[in-house]
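First up is the structure itself, then whatever we jot down about it.
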Amino acid sequence: MTLEPSTTWVGDRSAQVILAFDFDGPTGDAMIDGSIWRRPGYFSFGAFDGLTAVPRILDILRSHGVSATFFTPAWVVRTWPELCCRILAEGHEIAGHGDIHEMFWGKSRDDQAAILRTSQQTFREILGQQALGFRAPSGDLAPETPELLLEYGYTYSSSFRGADAPYFHEHLPLVEVPAKSLFDDYSVFAYTRGPDFPGTLDRVAPYAAAFRSWREEIDAAADEGLTVATIWHPKVMGTAGRAVVLDEFIGSLAARDDLRILRADQVVAEFVRSNSEQVSAQ
């Protein structure tokens, strides 16, 4: 595993925006430790994903004719199979995000392999295809994870935050599509009461200010021909009020001629084609 890009982008240098959503539902630490079954309020916050937020966001994406990538735990695919099939049918990508949103750092190789195996089995049985991409919950891959991802059929990760364009993991034909913590909507919109998260911050940032900071970052990326991948969560972004601003924001991006909105797998395919010599050497 490397934290430094091992190759630079070759080919089309137009800026690329990946509208990436982490469709977590109620998975995560509370599901892992079982406490979620004693916290109906927390569970219902996660359920808002599949019941309301994702359908609302799909309508927005369709209205602008753009596609997105949904990083989705296998539990969510098993729980909302019809919705996940709709995501694919409308031209979007569903990528891996663990089984129940497990952190990979600190897990044994066998435990990681079991999660990836179960996840891909779920994708094959319900969606009819394996996931090509993977985003590690919390962004923390273990040292063994990149090799395991390749072993279980993944071609790219979007877990790290340390670059402005895709790159290959060191000595591996696994592409990393870096995201930006700046684009994590939890940091501005996802205050919860127990415990306060994010700690010490205002409860909810003003919507216009948050979207303005994202627009300014994308403006700079467009000037330099960079790649931007978001870390948005439907249950956070998909409230009625935020959806109005999101609709306007995506519409403004779709109207620009200095950037392209692509799924993560499309960005990876272009990157691999542009760096075919390096792929063949690995």
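For the reader, a short list of remarks on this structure follows.
- Highest mobility in the GNM of the chain, judged by mean-square fluctuation with C-alpha springs under 10 Å and restricted to Ala20, Ala53, Ala264, is found for Ala53.
- What a 1.4 Å probe finds exposed on the chain is 52% carbon and sulfur by accessible area, rounded to a whole percent.
- 3J(HN,Hα) along region 168-181, derived from phi through the Karplus expression 6.51 cos²θ - 1.76 cosθ + 1.60 where θ = phi - 60°, amounts to 8, 5, 4, 6, 9, x, 9, 8, 9, 10, x, 9, 10, 4 Hz, with x in place of Gly and Pro.
- Max mean-square fluctuation residue, GNM over the chain, Cα-Cα springs under 10 Å, options Ala74, Ala255, Ala142: Ala255
- Considered as an equivalent ellipsoid built on the Cα gyration tensor, region 1-132 has semi-axes of 25, 22, 15 Å, the largest given first.
- Over the chain, relative contact order from alpha-carbon pairs under 8 Å, at least 6 apart, %: 29
- For region 16-27, Karplus couplings with θ = phi - 60° (6.51, -1.76, 1.60), whole Hz, Gly/Pro x: 10, 10, 9, 7, 10, 10, 8, 8, 7, x, x, 5
- Mean accessible surface per residue for region 61-194, computed with a 1.4 Å probe while every protein chain stays in place, in Å²: 38
- Assuming charge only on the beta carbon of Lys and Arg (+1) and of Asp and Glu (-1), the dipole of region 90-211 about its Cα centre is about 200 debye to the nearest 20.
- Helical content of the chain, expressed as a calculated mean residue ellipticity at 222 nm, amounts to -12000 deg cm²/dmol (DSSP H runs of 4 or more residues, -39,500 (n - 2.57) each, divided by residue number, nearest 500).
- For the chain, a simple Cβ point-charge model (Lys and Arg +1, Asp and Glu -1, everything else neutral) yields a dipole of about 800 debye relative to the Cα centre.
- Rough spin-label spacing in nm, given labels placed 7 Å along Cα→Cβ, for Asp111 and Asp223: 4.5
- Around the amide H of Ala229, modelled in the peptide plane, lie the amide H atoms of Ile18, Lys180, all under 5 Å away and 5 or more residues distant in sequence or on another chain.
- Amide H within-cut-off set for Asp22, under 5 Å, with H built and near neighbours excluded: Phe71, Trp232, His233
- Applying D = kT/(6 pi eta Rh) to region 44-86, where Rh is the Kirkwood radius over alpha-carbon pairs, T corresponds to 10 °C and eta to 1.306 mPa s, the Stokes-Einstein value obtained is 144 µm²/s.
- Dimensionless Rg over Rh [the chain; C-alpha; Kirkwood]: 0.94
- When only alpha carbons are used to place a centre, region 124-195 and region 69-94 end up 17 Å from one another.
- Derived scalar couplings ³J(HN,Hα) [region 139-144; Karplus, 6.51 cos²θ - 1.76 cosθ + 1.60; whole Hz; x for Gly, Pro]: x, 9, 6, 7, x, 7
- Accessible-area rank, largest first, for Lys235, Lys107, Lys180: Lys107, Lys180, Lys235, with all protein chains present and a 1.4 angstrom probe.
The values are calculated or read from the model by the stated rules, or taken from the named source; none is laboratory data. Worth saying up front: this structure is predicted, and the values here are computed from it rather than measured. As a convention, Cβ positions derive from the backbone with ideal geometry for all residues, glycine included, and neighbour counts pool all protein chains shown. Please note that ligands, DNA and RNA were not included when accessible areas were found on the heavy atoms of the full protein model with its side chains. Shrake-Rupley method; radii C 1.70, N 1.55, O 1.52, S 1.80 Å.
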